[in-house]
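Have a look at the structure below, then the notes.
The values are calculated or read from the model by the stated rules, or taken from the named source; none is laboratory data. These figures come from a predicted structure and were not determined experimentally. With ideal geometry, Cβ positions are generated from the backbone for all residues, glycine too; neighbour counts draw on all protein chains shown. Side chains are part of the model used for accessible areas, which takes the heavy atoms of the whole protein and leaves out ligands, DNA and RNA. Shrake-Rupley method; radii C 1.70, N 1.55, O 1.52, S 1.80 Å.
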Amino acid sequence: SFFSLRLLSFFVFSSIVFAQEEVEHILADTRVKVLGQSGKIRLEHSGDPITVDFDSLSEVTAAGDVVGQTGAMKHSVNSFATQNFVFTPIIDEPYFGVPVRKFTFESPIYAVGHLRVVVLLFQENATVDTGAEQWQVSRGDMKFNIELRDWIFCAPCDDGVADFIELGIEIKSSKEAD
């Protein structure tokens, strides 16, 4: 199974840390502290620390109703604190030619699939050009790439048919808004 493979990878690549441990990854001026088995991290990147909470995941209908909460196979996670997950260490890597600091949050979601959130922290003011689109970034901007693998949608589940995935990510700063 995928999780068994992930577990084997943990022993081979000891830099991946299971989130039940409080651990801190540091690369130059970027610090990511995993806040135990909570789905939360404290992130410092050239300034005020923020807390990022990978909170919940649900399958929803076109009307916005959550499905997949009943029956044998669950499709919703109310809190990642109850899930197995890992945060990878921070690495420097270009993103379409723009320098970024990158780390990932990964979690199997019951037996329905696998979630991977890639977090990119831009290191300079630049224009990102993917070939399909362009946009401006400033040093310190954060981007999330959300990947679902091997996903089995409610089609149907006991309580309905899923049309979308809703991922709850909460970002808090201690600074007042300008």
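Computed quantities for the displayed model
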quantity: Every residue from segment 42-78 that is at negative phi and modelled with pLDDT under 80; calculated: 45, 48, 70, 72, 73
quantity: Selection from segment 18-68 of residues that are polar (S, T, N, Q) and touching an Asp or Glu at 6+ places or on another chain (Cβ under 6 Å); calculated: 46, 58, 61
quantity: Any chance residue 96 is aromatic (Phe, Trp, Tyr) and open to solvent by less than 20 Å² (accessible area, probe 1.4 Å); calculated: no
quantity: Residue match in segment 50-66 (condition: over 21 Å from residue 166 (Cα atoms) and surrounded by fewer than 18 Cβ atoms within 10 Å (Cβ to Cβ)); calculated: yes
quantity: Among (1) more than 21 Å from the chain's Cα centre (by Cα); (2) surrounded by 17 or more Cβ atoms within 10 Å (Cβ to Cβ); (3) of a type in the set (Lys, Arg) - the single one residue 101 does not satisfy; calculated: (1)
quantity: Hits in segment 105-117 - residues which are surrounded by fewer than 17 Cβ atoms within 10 Å (Cβ to Cβ) and within 17 Å of the chain's Cα centre (by Cα); calculated: 110, 114, 116
quantity: Segment 116-142: number of residues that are of a type in the set (Lys, Arg) and free of Cβ contacts under 8 Å to residues at least 60 places away in the same chain; calculated: 1
quantity: Filtered residues of segment 44-75 (kept if free of Cβ contacts under 8 Å to residues at least 24 places away in the same chain and either within 13 Å of the chain's Cα centre (by Cα) or outside any strand (DSSP E or B) (or both)); calculated: 63, 64, 72
